[in-house]
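Asks: Here it is, the structure, as structure tokens.
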């Protein structure tokens with residue numbers, strides 16, 4: 001009897017040790033996948049999540065437990081059907097499938113999805129999917145491609161502008177001479193007025209083309225610019241031109257301490273005037289224009305960051321990558337040439353700044369401008 005009891009106790013001890021060991025392995029496994037910074041899920045063949053890590057739960061704004069049983073495409077992409085290019089069906093045990101990109105509208109980020117099918121001998125069916133954030137790399141690639149495209153188009157635009165500048169100037173001069181000599185009561189007088197007005201409009205477009213291609217001899221004089229003063233003046237002029245009925249409220253959050261920049265004040269004004277004018281035009285029924293400045297320290301570099309924020313009609317996702325292209329515009333015919341943002345982009349390149357566009361989470365658009373270099377406080381010493 002005693003021997004049987006000892007064997008039973010020993011058996012229970014081994015069983016308890018085995019259970020504790022299994023529980024320990026389970027905790028280690030959970031801690032391991034939760035330590036992965038990339039969103040991670042295991043999905044069965046019905047696209048239902050069977051396991052997820054903390055990173056995925058944070059993006060989904062839910063607990064890990066709540067994700068289990070939900071469709072992966074609904075949780076991550078907010079879709080009602082499987083994602084385009086989903087590789088889950090094509091995945092084979094032990095072999096990786098080509099990665100594909102997917103956009104997460106919850107945090108406005110792009111992810112590359114890596115899919116791998118679970119081994120059938122494990123007793124589980126389905127796939128493991130890891131989502132790697134590719135937004136910064138994608139933005140960098142887009143900026144490089146955009147810069148190459150703008151450089152090519154800039155050369156073409158500059159040559160085109162120079163070629164038509166001389167004959168256009170002749171048309172304008174002769175039209176003005178005719179107006180001086182012609183009787184204002186003549187039946188053709190108004191026609192000549194229209195010719196002069198059309199020539200002036202073309203001249204403005206040519207000037208914009210030259211600015212965009214940066215082939216105009218600018219000879220800028222770089223001086224210490226109080227960027228807060230430049231912004232305030234630009235908003236004032238944009239307000240007079242595009243917010244006469246005062247439908248739009250203006251908010252300033254100029255919190256940058258180091259906001260004096262060695263730059264060209266006229267071209268800085270052109271940047272902010274253009275962006276603020278666009279913001280007012282995007283809010284025809286009213287809204288709020290917010291201008292923010294802060295200093296950001298990245299490594300040892302001090303940046304002056306300015307954000308132009310509106311809550312207007314916004315920019316469609318498919319248009320975000322095109323807005324700095326010359327002649328691209330979503331405005332009605334006759335309402336714009338599509339050169340404004342291209343010129344802003346070119347000026348910022350000349351002045352050593354950068355610009356990015358994003359969607360406002362509430363509604364509207366955010367333009368973010370960054371300057372580095374020698375920044376200082378107003379009336380302070382150089383930093």
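The values are calculated or read from the model by the stated rules, or taken from the named source; none is laboratory data. What you see is a predicted model; the values in this text were computed from it and never measured. We place every Cβ from the backbone using ideal geometry, glycine too, and count neighbours over all the protein chains shown.
Asks: Being in a loop (DSSP other than H, G, I, E, B) and at pLDDT 80 or above is true for just one of 91, 62. Which residue is that?
Replies: So the residue among 91, 62 that is in a loop (DSSP other than H, G, I, E, B) and at pLDDT 80 or above is 62.
Asks: Okay, moving on. Which of the residues belonging to the stretch 34-58 are out of contact with any helix residue (DSSP H, G or I) (no Cβ under 7 Å at 6 or more places or on another chain) and either in a loop (DSSP other than H, G, I, E, B) or closer than 17 Å to residue 133 by Cβ (or both)? Give the derivation first.
Replies: Here is the first cut: in the stretch 34-58, the residues out of contact with any helix residue (DSSP H, G or I) (no Cβ under 7 Å at 6 or more places or on another chain) are 35, 42, 44-46, 48, 50-51, 55, 58.
Residues satisfying the conditions are 35, 44, 45, 46, 55, 58.
Asks: Same structure, new question: Do you know which residues across the stretch 248-292 are surrounded by fewer than 19 Cβ atoms within 10 Å (Cβ to Cβ), more than 28 Å from residue 302 (Cα to Cα), more than 21 Å from the chain's Cα centre (by Cα) and touching a residue at least 40 places away in the same chain (Cβ under 8 Å)?
Replies: 249
Asks: Here is a list of conditions, (1) modelled with pLDDT of 70 or more; (2) in a helix (DSSP H, G or I), and residue 155 meets all of them except one; can you say which number that is?
Replies: Going through (1) modelled with pLDDT of 70 or more; (2) in a helix (DSSP H, G or I) one by one, residue 155 breaks only (1).
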